[in-house]
Amino acid sequence: MSRPTPGEAEAPGTPGTPAPTRRTAVVTGAARGIGAATAVRLAADGHAVAVLDLTEEAGAATVARIRDAGGTALAVGADVRDAAQVEAAVGRVAEELGAPTILVNNAGVVRDNLLFKLSEDDWDTVIATHLRGAYLMSKAVQAHQTAAGWGRIVNLSSSSALGNRGQANYAAAKAGMQGFTKTLAIELGKFGVTVNAVAPGFIATDMTAATAARLGMDFEDFQKAAAETIPVRRVGRPEDVADLIGYLCDDRAGFVSGQVIYVAGGPLD
Ligand code: NAP
């Protein structure tokens with residue numbers, strides 16, 4: 001598939017439909033799960049995608065999926081908690097794919113425990129990965145977005161932001177992502193940048209598989225039990241979240257900003 005150069009519009013598909021503009025997107029934690037599905041979605045939507053994860057090797061499979069489908073992707077290794085690594089990663093993306101104007105802050109970890117057993121290290125790791133990571137990445141990418149006068153940031157929150165036993169660290173981080181989102185939406189709106197949060201419920205990924213293993217449950221049984229509590233009677237797939245993120249990153253979503261959208265198969269508040 002032939003691709004336009006960065007910044008160049010693709011040919012319109014349907015007469016009267018504006019040509020989708022090809023942007024450069026960065027998706028953190030894109031080696032697997034929701035991040036991988038999001039990188040694939042954004043690439044299918046015509047964007048060049050930086051698949052950022054802890055190591056370049058970790059992102060190789062996602063990059064191969066995108067390239068096999070005719071898309072453009074680059075694997076970038078960086079720990080989102082590290083300011084120097086984030087700066088270098090965003091600089092490399094700008095050089096090799098074009099200035100990034102779409103950012104999905106998806107990298108995440110869980111370190112579950114009840115408060116009285118929750119170590120300082122597990123508290124700090126979770127808060128730093130989600131909040132410091134999103135802060136550093138957003139700060140680096142907004143320079144390109146404000147220069148372009150256009151941008152999209154989507155932050156991964158969670159239904160756990162509403163409170164979840166054994167997840168004081170994770171719930172605090174995911175509630176923090178919501179305040180961070182609303183504040184950036186207020187600050188960056190005048191530069192054409194929208195900022196939203198998606199808050200998934202139960203999505204079948206390695207993260208929820210690890211939770212099942214920790215609880216000594218078979219992952220299939222764990223998913224069945226979860227599905228019974230969800231109005232649509234199934235657990236989520238990474239693509240359920242990725243498709244919403246794809247929309248929020250689109251030109252058509254320019255008047256949607258500062259929102260927290262739950263993707264949980266039913267209402268949550
Ligand atoms: P996942 O399968 O565990 O994938 C997360 C990815 O982030 C992994 O590749 C991980 O690398 C990477 N990562 C972790 N720390 C990083 C760091 N410091 N720098 C760069 N990359 C890092 O998780 P997921 O289930 O797809 O979840 C994705 C996001 O959605 C997370 O923010 C999560 O909290 C949120 N979420 C998930 C669910 C769910 O049910 N799955 C529900 C609500 C919200 P390593 O594997 O090497 O650590």
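The values are calculated or read from the model by the stated rules, or taken from the named source; none is laboratory data. This structure is a prediction, so every number in the text was calculated from the model and none was measured. Every residue, glycine as well, gets a Cβ built from its backbone with ideal geometry; the counts of neighbours run over all protein chains shown. Just so you know, the surface numbers come from the protein's heavy atoms only, side chains and all, with ligands and any DNA or RNA stripped out. Shrake-Rupley method; radii C 1.70, N 1.55, O 1.52, S 1.80 Å.
The figures follow:
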quantity: Rounded percent of accessible protein surface that carbon and sulfur make up, the chain, 1.4 Å probe; calculated: 54 percent
quantity: D124 - accessible surface, heavy atoms, 1.4 Å probe, Å² rounded to 10; calculated: 90 Å²
quantity: Alpha-carbon centroids, segment 211-240 and segment 129-189: separation in whole Å; calculated: 26 Å
quantity: Antiparallel bridge percentage (DSSP; both residues within the chain; nearest 5); calculated: 5 percent
quantity: Cut-off of 10 Å, at most 14 other beta carbons, DSSP loop: longest stretch of the chain lacking such GluC sites (Glu not before Pro); calculated: 11-269
quantity: Reach of K174 by Cα under 18 Å, taken over lysines that are not fewer than 8 positions away in the same chain; calculated: K182
quantity: Check: the chain dipole with +1 on Lys, Arg Cβ and -1 on Asp, Glu Cβ, in debye; calculated: 500 debye
quantity: Descending semi-axes in whole angstrom, ellipsoid equivalent of segment 16-154, from the Cα gyration tensor; calculated: 27, 17, 13
quantity: Accessible area (Å², per residue) of the chain, counting only protein heavy atoms and a probe of 1.4 Å; calculated: 47 Å²
quantity: Net charge of neighbours whose Cβ lies under 15 Å from the Cβ of V263, counting Lys and Arg as +1 and Asp and Glu as -1; calculated: 0
quantity: Spatially proximal aspartates and glutamates relative to K190 (Cα-Cα < 19 Å; intrachain offsets below 8 disregarded); calculated: D250, D251
